[in-house]
Amino acid sequence: MTLSFSELELVEPIQRALHAENYEHPTPIQAQAIPHLLAGRDLLGIAQTGTGKTAAFALPILQRLSANRVPAPRQSMRALVLTPTRELALQIAESFRAYGRHLGLRTAVIFGGVSQGPQVDALRRGIDILVATPGRLLDLYQQGHVRYDGVSVFVLDEADRMLDMGFIRDIRRIVPQLPKQRQSLLFSATMPDEINRLIGTLLKEPVRVEVTPAATTVERIDQRVMFVDTGNKRALLAALLGDQAIARALVFTRTKHGANRVAEGLAKSGIRAEAIHGNKSQSARQRALGNFRDGRTRVLVATDIAARGIDIDGITHVINFELPNVPESYVHRIGRTARAGADGIAISFCDHSEKGFLRDIEKVTRQKIAVAEHAFRAPAGQGANGHGGQPQSHNGNGHNGGHNGHAHRNGGHHGNGNGNGNGRGGEFANRRRRSRRGGGHGRPQGHAPHPHA
């Protein structure tokens, strides 16, 4: 029997807001977490992006604050949500405003890269809900613009990414300043040892909610690896993207400069692409995200840190131009597709130097990634995992001695990118088409305008 939001004992103004968003059924993490949070319990949530965890903590927080209309002290807040990136902070705040539209609560966002003046002004009278990145919050605290004495609920979101980005030290400086009597929540997609140690100091007898095993990938994502020399990666990417069936692609690089180079190379090939990373101004990042979300830009090239704030439905393909050197990041990357019940495709390029990264990814995710053939394949001996660089056919059979029979397919696909199933890229595209014919995917339930944060 499927649970509905009306069964979760949420107050009428929140139910009305959910109805306006066309949300009927909570996601698993929402169904499990919301009753415990309404009861005031601390919570450890292990959930990947795309599971609806923003609503899982936002709805109970809104209900708790609306039931106790105590004004926040000056320069303080009643609920504090820490998140690693500017984009994610903005999206979480947008969700709070959507769900709490009938409650009259005030929400503010604090992050770096912009003038602090408006942020200081927003805090001056006290705020109900503050969503912040750790660096700017700590900076304002040290300047005397922030107090924590009003905090009754504390949320640490994307804790493992906080660790990756070096924010754990800031977190350890902020937490001791919070009132000891509070409700605390921690969400993380993976559980590194450092996060386990943090839990002991942050949470009191927490309820553990785990909707997928740590570091596992979404089953609906069709994952493939393509062995290719470093010098051929750009040509391979341009050939794949020549297929218009790749409707919206998110391409990952390890560095900011790499993201710029890939985006510029695609533009020279006539493929509209934009890059997003930490060196871009806030306005440039928001403009690029808006263009990608609205379909004006078909390809967005991103680094891991910048992409943590990308919460956009309809991403058909994730392409790892470079494999991440932290295997858990692979899980985060490909989780940008196959959201809200949709199918998705993840393609990873792997050169000789990245073989170890691939092995680590397969070890952490506990699954073998199938090898896809293509016209730019690495020569023998350059592959990983004992494949000797010879791509495998889709059914897993090697094609030594039979590979020439596929040459015309690869050549046809990369020559015109017609996406008709001729060549491996066309096969990916057609698989996507087949999933679409099964029915369109409406707006996901269980989260606000960009819900699967």
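The values are calculated or read from the model by the stated rules, or taken from the named source; none is laboratory data. Computed from a prediction, not measured in an experiment: that's the story for all the values here. Every residue, glycine as well, gets a Cβ built from its backbone with ideal geometry; the counts of neighbours run over all protein chains shown.
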field: Sole residue being surrounded by 24 or more Cβ atoms within 10 Å (Cβ to Cβ), of a type in the set (Phe, Trp, Tyr) and assigned by TED's automatic domain parsing to the domain that holds Leu236, chosen from Phe357, Phe376, Phe321, Phe349
entry: Phe349
field: Subset of the stretch 104-134 that is assigned to a helix (DSSP H, G or I) and of a type in the set (Gly, Ala, Ser) - its residue that is surrounded by the most Cβ atoms within 10 Å (Cβ to Cβ)
entry: Ala122
message: Any residue at all in the stretch 85-103 that's modelled with pLDDT of 95 or more, in contact with a Lys or Arg (Cβ under 7 Å, 6 or more places away or on another chain) and not in a helix (DSSP H, G or I)?
response: yes
Whichever residue in the stretch 141-197 is basic (Lys, Arg) and over 17 Å from the mean Cα position of the chain (by Cα) and, among such residues, is farthest from Pro327 (Cα to Cα): Arg147
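Would you mind listing the strands (runs of 3 or more DSSP E) fully within the stretch 246-349 where at least 3 residues are touching a residue at least 12 places away in the same chain (Cβ under 8 Å) and closer than 17 Å to Val225 by Cβ?
So the answer is 249-252, 317-320.
Table: residues versus (1) part of a helix (DSSP H, G or I); (2) outside the structural domain of Asp157 (by TED's automatic domain parsing); (3) among the aliphatic types (A, V, I, L, M).
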{"residue": "Tyr23", "(1), (2), (3)": "no, no, no"}
{"residue": "Pro26", "(1), (2), (3)": "no, no, no"}
{"residue": "Ile29", "(1), (2), (3)": "yes, no, yes"}
{"residue": "Pro35", "(1), (2), (3)": "yes, no, no"}
{"residue": "Arg41", "(1), (2), (3)": "no, no, no"}
{"residue": "Ala56", "(1), (2), (3)": "yes, no, yes"}
{"residue": "Leu62", "(1), (2), (3)": "yes, no, yes"}
message: Given the criterion out of contact with any strand residue (DSSP E or B) (no Cβ under 7 Å at 6 or more places or on another chain) and assigned by TED's automatic domain parsing to the domain that holds Val153, identify the matching residue among Pro118, Pro134.
response: Pro118
query: Any idea which of (1) closer than 30 Å to Ser353 by Cα; (2) in contact with a Ser or Thr (Cβ under 8 Å, 6 or more places away or on another chain); (3) in the same structural domain as Leu90 (by TED's automatic domain parsing) is the one Val225 doesn't satisfy?
result: (3)
field: Residue match in the stretch 135-150 (condition: of a type in the set (A, V, I, L, M, F, W, C), over 28 Å from Leu198 (Cα atoms) and surrounded by fewer than 22 Cβ atoms within 10 Å (Cβ to Cβ))
entry: no
task: Answer with yes or no whether Arg86 is surrounded by fewer than 20 Cβ atoms within 10 Å (Cβ to Cβ) and of a type outside the set (Ser, Thr, Tyr).
output: no
- request: Can you tell me which residue among Ser283, Ser329 is among the polar types (S, T, N, Q) and more than 26 Å from Val364 (Cα to Cα)?
  value: Ser283
query: From the list Pro179, Pro73, which one is outside the structural domain of Arg336 (by TED's automatic domain parsing), touching a residue at least 40 places away in the same chain (Cβ under 8 Å) and surrounded by fewer than 24 Cβ atoms within 10 Å (Cβ to Cβ)?
result: Pro73
Residue count, the stretch 182-213 (criterion: touching a residue at least 12 places away in the same chain (Cβ under 8 Å) and not in a loop (DSSP other than H, G, I, E, B)): 16
statement: Filtering the stretch 261-280 down to residues that are surrounded by 17 or more Cβ atoms within 10 Å (Cβ to Cβ) and out of contact with any helix residue (DSSP H, G or I) (no Cβ under 9 Å at 6 or more places or on another chain) yields Ala263
query: Condition test on Ile46, is it among the β-branched types (Val, Ile, Thr) and farther than 18 Å from Ile92 by Cβ?
result: yes
